[in-house]
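Novice: One structure follows; several queries about it will come next.
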């Protein structure tokens with residue numbers, strides 16, 4: 001039966017292992033935490049934890065280490081806000097760095113988030129990934145730039161500063177002038193439209209385009225839709241992937257950089273990872289991969305009037321979850337302040 005002591009022993013095993021990377025024994029627990037129980041009692045609890053699959057014994061050590069199921073239990077049932085002094089030991093310094101980066105008016109929001117993720121990666125020595133969704137961004141400009149008598153580029157710009165373009169060809173049977181007019185019609189009708197609503201609105205404009213520019217409407221529709229493809233789905237950028245190679249868990253892992261890239265490109269974006277998922281709160285979950293000793297802390301970001309997407313930190317299973325989530329929350333808090341200031 002799980003008791004408060006059972007949870008306490010697991011908590012100390014996990015937090016000690018996170019801190020040192022060394023398997024934890026009963027004598028270490030007794031001396032470090034001055035527990036009000038004997039070494040034999042601690043060993044009994046550790047036997048129960050091992051029987052329940054929450055800790056395991058490495059082949060080369062008498063101590064125990066957390067299992068993937070142990071991390072999941074810890075994150076869902078024990079994880080709390082107690083050790084704030086330890087977690088915030090570098091909080092003021094990081095806050096100053098992030099606040100400086102987020103001084104409104106200095107950079108686009110997208111660039112600001114990227115720079116903040118770089119700081120997060122440097123501070124944690126882990127890989128940081130930002131997964132953005134363009135669906136809530138709004139179009140601010142649709143323009144056409146002629147390249148030659150037969151080719152042109154359509155350029156789409158959103159209120160977040162994101163730009164997508166598409167080079168297209170106007171066949172001899174078409175009219176560059178008519179196509180330019182069609183692009184102007186789209187610009188006039190689509191300004192302020194959310195990216196997620198653009199497709200339906202463009203389709204509804206098809207009869208108007210056809211009546212105004214005839215058969216050239218197909219060229220306009222195709223070029224515009226091809227440019228919009230760049231906004232569809234989720235965009236991801238990663239920072240500090242090579243920092244994982246400096247950690248003892250991964251220094252001897254052959255081809256680990258390739259693995260990390262595959263992880264960032266596939267598992268994070270598609271959500272098809274095979275690990276154990278711990279749900280911390282409605283906005284945050286942790287995927288724990290027991291095979292590759294990797295965890296992904298993913299935090300949903302949804303700021304009124306601001307960007308939507310996910311910020312994820314990738315590292316070994318023994319990463320400091322408290323500290324990482326505190327830093328992510330700090331980053332989101334400062335982003336919210338900047339957005340509120342810009343909206344005044």
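The values are calculated or read from the model by the stated rules, or taken from the named source; none is laboratory data. Because the structure is predicted, anything quoted here is derived from the model rather than measured. Using ideal geometry, Cβ is built from the backbone for each residue, glycine included, and neighbour counts are taken over all protein chains shown.
Novice: In the list 287, 252, 269, 246, which residue meets the criterion of being surrounded by fewer than 18 Cβ atoms within 10 Å (Cβ to Cβ), out of contact with any helix residue (DSSP H, G or I) (no Cβ under 7 Å at 6 or more places or on another chain) and at pLDDT 55 or above?
Specialist: Of 287, 252, 269, 246, the one residue that is surrounded by fewer than 18 Cβ atoms within 10 Å (Cβ to Cβ), out of contact with any helix residue (DSSP H, G or I) (no Cβ under 7 Å at 6 or more places or on another chain) and at pLDDT 55 or above is 246.
Novice: Hey, another quick one. Touching a residue at least 40 places away in the same chain (Cβ under 8 Å), assigned to a helix (DSSP H, G or I) and more than 30 Å from residue 312 (Cα to Cα): is that true of residue 142 in this structure? Break it down stepwise before answering.
Specialist: Working: touching a residue at least 40 places away in the same chain (Cβ under 8 Å): yes; assigned to a helix (DSSP H, G or I): no; more than 30 Å from residue 312 (Cα to Cα): yes.
Judged against the criteria, residue 142 is not a match.
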